[in-house]
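Participant: I'd like to ask you about the structure that follows.
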């Protein structure tokens, strides 16, 4: 490869594209948070069983509060499609061939459309508002898993656009792939169990902390309530993976200094445990659920980037431990 071609390949995309990629991620997280408001307020049926139209029309006449909440969510979700397609096009035009950001941007488009499909199915099957259908928890778990993968691909796109080396498969050495994969799956399970716990809080609200704890151990309670203990339990188990990642991140060597990012992950993790305890104590009000999910999404994004920096290492890096 000539020196001019080499400089072209290893030149980072423009700062405008990198800022746009992070901005798209932030907007998607905001859309996800509004989706939590939709679920927590029981507004999922605000547009009836129509999709993508709301109550069969575009313009709403004398809409209820639930309709306004659901309709606003659909509008913001529609803008998601435009933004992610723009990100893919801009990334494809401004990056070198075989740049990994092209593929993560393409995956983010795929997960955006699958997110829309899952949302449409929830509406068309009536798995919204106060529905206690046995289909709702598995659909919600699948929906949340897709959401986490979508956020991960957007975070990876923004991160890869900022790398000046090690952004193509041919330039990478992958370290600890099995442990990393299992650990990230464990963290995803934390998110899924958290969404199911939140669904139980919405469908079967408690009047006090004592009654909430009684629900968890009552044989007459639905399994959504009796299995709420799985969320904090899995979170504690997943913290083992996080400790392993943080120990690796704080070792000297490698192409990047990850200590600042690892400190951020530690702070976000501690904040999540605090928010989780407050969520239980306050009986999961809507605003607390939103804050808790915001912390979870930011933690997940930071963890994805940190794991990528530790796992996808440039081949010429002498530290491959």
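Participant: Among 119, 46, which is the only one that is under 16 Å from the mean Cα position of the chain (by Cα), surrounded by 19 or more Cβ atoms within 10 Å (Cβ to Cβ) and at pLDDT below 95?
Facilitator: Checking each option against the conditions leaves just 119.
Participant: Against the condition closer than 19 Å to residue 278 by Cα and in contact with a helix residue (DSSP H, G or I) (Cβ under 9 Å, 6 or more places away or on another chain), how does residue 248 come out, does it pass?
Facilitator: Answer is no for this residue.
Participant: Quick check, is residue 57 modelled with pLDDT of 90 or more and either exposed (fewer than 15 other Cβ atoms within 10 Å of the Cβ) or under 28 Å from residue 174 (Cα atoms) (or both)?
Facilitator: Considered against the rule, which asks whether it is modelled with pLDDT of 90 or more and either exposed (fewer than 15 other Cβ atoms within 10 Å of the Cβ) or under 28 Å from residue 174 (Cα atoms) (or both), residue 57 comes out as no.
Condition check ((1) buried (at least 17 other Cβ atoms within 10 Å of the Cβ); (2) touching a helix residue (DSSP H, G or I) at 6+ places or on another chain (Cβ under 7 Å); (3) over 30 Å from residue 286 (Cβ atoms)) across all residues:
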position	(1), (2), (3)
171	yes, no, yes
181	no, no, yes
188	yes, yes, no
193	yes, yes, no
197	yes, yes, no
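Participant: Going through the range 129-139 one residue at a time, which ones are surrounded by fewer than 19 Cβ atoms within 10 Å (Cβ to Cβ) and in a helix (DSSP H, G or I)?
Facilitator: The answer is 138, 139.
Participant: If I ask for residues that are modelled with pLDDT of 90 or more and surrounded by 16 or more Cβ atoms within 10 Å (Cβ to Cβ), which ones from the range 11-26 would you list?
Facilitator: 17, 18, 20, 21, 22, 24, 25
Participant: Shifting gears a bit: Just one of (1) crowded, with 18+ Cβ neighbours inside 10 Å; (2) on the phi > 0 side of the Ramachandran plot trips up residue 126, so point out which.
Facilitator: In the conditions (1) crowded, with 18+ Cβ neighbours inside 10 Å; (2) on the phi > 0 side of the Ramachandran plot, residue 126 misses (1) alone.
Participant: Same structure again: Give me the helices (runs of 4 or more DSSP H) completely within the range 151-269, filtered to those with at least 3 residues that are modelled with pLDDT under 85 and more than 16 Å from residue 311 (Cβ to Cβ), ordered by residue number.
Facilitator: 177-203, 209-217, 223-226
Participant: Might you let me know whether the range 60-74 holds any residue that is under 28 Å from residue 165 (Cα atoms), at pLDDT 85 or above and either part of a helix (DSSP H, G or I) or out of contact with any strand residue (DSSP E or B) (no Cβ under 9 Å at 6 or more places or on another chain) (or both)?
Facilitator: So far as the range 60-74 goes, no, none of its residues is under 28 Å from residue 165 (Cα atoms), at pLDDT 85 or above and either part of a helix (DSSP H, G or I) or out of contact with any strand residue (DSSP E or B) (no Cβ under 9 Å at 6 or more places or on another chain) (or both).
Participant: Right, residue 104: surrounded by 15 or more Cβ atoms within 10 Å (Cβ to Cβ), touching a helix residue (DSSP H, G or I) at 6+ places or on another chain (Cβ under 7 Å) and at pLDDT 95 or above or not?
Facilitator: It is true that residue 104 is surrounded by 15 or more Cβ atoms within 10 Å (Cβ to Cβ), touching a helix residue (DSSP H, G or I) at 6+ places or on another chain (Cβ under 7 Å) and at pLDDT 95 or above.
Participant: Still on this structure, I have one more. Looking at 229, 223, which one is surrounded by fewer than 14 Cβ atoms within 10 Å (Cβ to Cβ) and closer than 25 Å to residue 244 by Cβ?
Facilitator: Answer to the selection: 229.
Participant: A further question on this structure: State yes or no: is residue 277 over 23 Å from the mean Cα position of the chain (by Cα) and either part of a loop (DSSP other than H, G, I, E, B) or at pLDDT below 90 (or both)?
Facilitator: No: the conditions fail for residue 277.
Participant: Turning to a different aspect of this structure: So is residue 104 part of a helix (DSSP H, G or I) and out of contact with any strand residue (DSSP E or B) (no Cβ under 6 Å at 6 or more places or on another chain) or not?
Facilitator: yes
Participant: Kindly establish whether residue 154 is under 30 Å from residue 200 (Cα atoms), out of contact with any strand residue (DSSP E or B) (no Cβ under 6 Å at 6 or more places or on another chain), in contact (Cβ under 8 Å) with a residue 24 or more places away in the chain and surrounded by 15 or more Cβ atoms within 10 Å (Cβ to Cβ).
Facilitator: In short, yes.
Participant: Would you say residue 142 is surrounded by 22 or more Cβ atoms within 10 Å (Cβ to Cβ), touching a residue at least 24 places away in the same chain (Cβ under 8 Å) and either out of contact with any strand residue (DSSP E or B) (no Cβ under 8 Å at 6 or more places or on another chain) or in a helix (DSSP H, G or I) (or both)?
Facilitator: So residue 142 does not fit the description; no.
The values are calculated or read from the model by the stated rules, or taken from the named source; none is laboratory data. Being a predicted model, the structure only gives us computed values, none of them experimental. Don't worry about glycine lacking a Cβ; one is built from the backbone with ideal geometry, like all the others, and counts go over all protein chains shown.
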